[in-house]
Structure formats: C-alpha cells, structure tokens
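To keep things clear, I will list the structure first and then write my remarks on it.
Any read-out appearing in this document is the output of simple, stated calculations on the displayed coordinates, not a laboratory observation. Given the structure is predicted, the values throughout are model-derived calculations rather than measurements. Ideal geometry is used to build each Cβ from the backbone, glycine not excepted, and the neighbour counts take in all protein chains shown.
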C-alpha cells in the first residue's frame, strides 16, 4: 500500500497498485530479469544509484511485511547485509539461495534495477497493509 509521494512516477504507480502479499524486487545491475516481469531500469553508472538509495525511496511509500534476500549476501557482502538487517529490524527477513531468489523474481510485479555493483545486492519486498 502506498504511503507518501515519490518523484519517480513508474515506481509510485507500481506501489499504488500493490495488494497485500504482492512483491517487488530491487536489484543490482546484474540480476537477470524475467521477460514476463516489468522492468524499471534506474541504472546510470556502476554504483549509481545504489540499492540502498533506491530502497530508501521505495520505503517512503511502501509498507513492507517481509523481505527476502539471497543467503549468500551475509558472507559475500556483509556490510550490505548488516545495513539491510538494520533497516528491517522489525520485519521478517527470509534467506534463500541465490538460484531460488532468481526463480522468485518471476512472481514479482516488477524489478527495479539499480546501478549497484555489490555482490548479491538484491531484495524482494513483500507488501503489507497499513491498517
């Protein structure tokens, strides 16, 4: 469910259409995006915009009840893993293998592609409700 205004009209519209348990993905620059899933491509340059910058913007409008990450993130990108767990300290975080993560993206409403170059820097956000 939508919470506040966001300047990117595609992302704002996407969030406004989400129902309870619908998912979206915020991805690094290299995650394969299934052809049947909407792609919102924000990547400009390596690292720009970062996954955390895009995540911060999305969270101004989206109510999240569950987050899914690749279990490999904890070992391969520990700094990012720490930041993700801090951001979602009160939200369930599910860890799955990266190969299963890629399969799960096909169920998402959209993938927002960033310029992130950190390994396994991908999150699936499950929509919650604000009431």
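Hey, any hits in segment 5-18 for a residue that's within 12 Å of residue 125 (Cα to Cα) and either out of contact with any strand residue (DSSP E or B) (no Cβ under 8 Å at 6 or more places or on another chain) or outside any helix (DSSP H, G or I) (or both)? So that I can check it myself, show each step before the final result.
The first filter runs over segment 5-18 and keeps only residues within 12 Å of residue 125 (Cα to Cα), leaving 15, 18.
Restricting the remaining residues to those that are either out of contact with any strand residue (DSSP E or B) (no Cβ under 8 Å at 6 or more places or on another chain) or outside any helix (DSSP H, G or I) (or both) gives 18.
Among the residues of segment 5-18, at least one is within 12 Å of residue 125 (Cα to Cα) and either out of contact with any strand residue (DSSP E or B) (no Cβ under 8 Å at 6 or more places or on another chain) or outside any helix (DSSP H, G or I) (or both), which makes the answer yes.
Annotation: of all residues in segment 53-65 being out of contact with any strand residue (DSSP E or B) (no Cβ under 6 Å at 6 or more places or on another chain) and in contact (Cβ under 8 Å) with a residue 40 or more places away in the chain, the one that is surrounded by the fewest Cβ atoms within 10 Å (Cβ to Cβ) is 60. Within segment 16-33, can you find the residues that are within 18 Å of residue 53 (Cβ to Cβ) and either exposed (fewer than 12 other Cβ atoms within 10 Å of the Cβ) or over 12 Å from the mean Cα position of the chain (by Cα) (or both)? If the condition is that a residue be within 18 Å of residue 53 (Cβ to Cβ) and either exposed (fewer than 12 other Cβ atoms within 10 Å of the Cβ) or over 12 Å from the mean Cα position of the chain (by Cα) (or both), then 29, 30 are the ones that fit. Checking each residue in segment 34-57 for being touching a helix residue (DSSP H, G or I) at 6+ places or on another chain (Cβ under 7 Å) and within 15 Å of residue 102 (Cβ to Cβ) picks out 34, 36, 37.
Looking only at segment 71-83, decide whether some residue is in contact with a strand residue (DSSP E or B) (Cβ under 6 Å, 6 or more places away or on another chain) and surrounded by 18 or more Cβ atoms within 10 Å (Cβ to Cβ). Give the steps one after another, and end with the answer.
Looking only at segment 71-83, we keep the residues that are in contact with a strand residue (DSSP E or B) (Cβ under 6 Å, 6 or more places away or on another chain), and these are 71.
Subset that is surrounded by 18 or more Cβ atoms within 10 Å (Cβ to Cβ): none.
Within segment 71-83, not a single residue is in contact with a strand residue (DSSP E or B) (Cβ under 6 Å, 6 or more places away or on another chain) and surrounded by 18 or more Cβ atoms within 10 Å (Cβ to Cβ).
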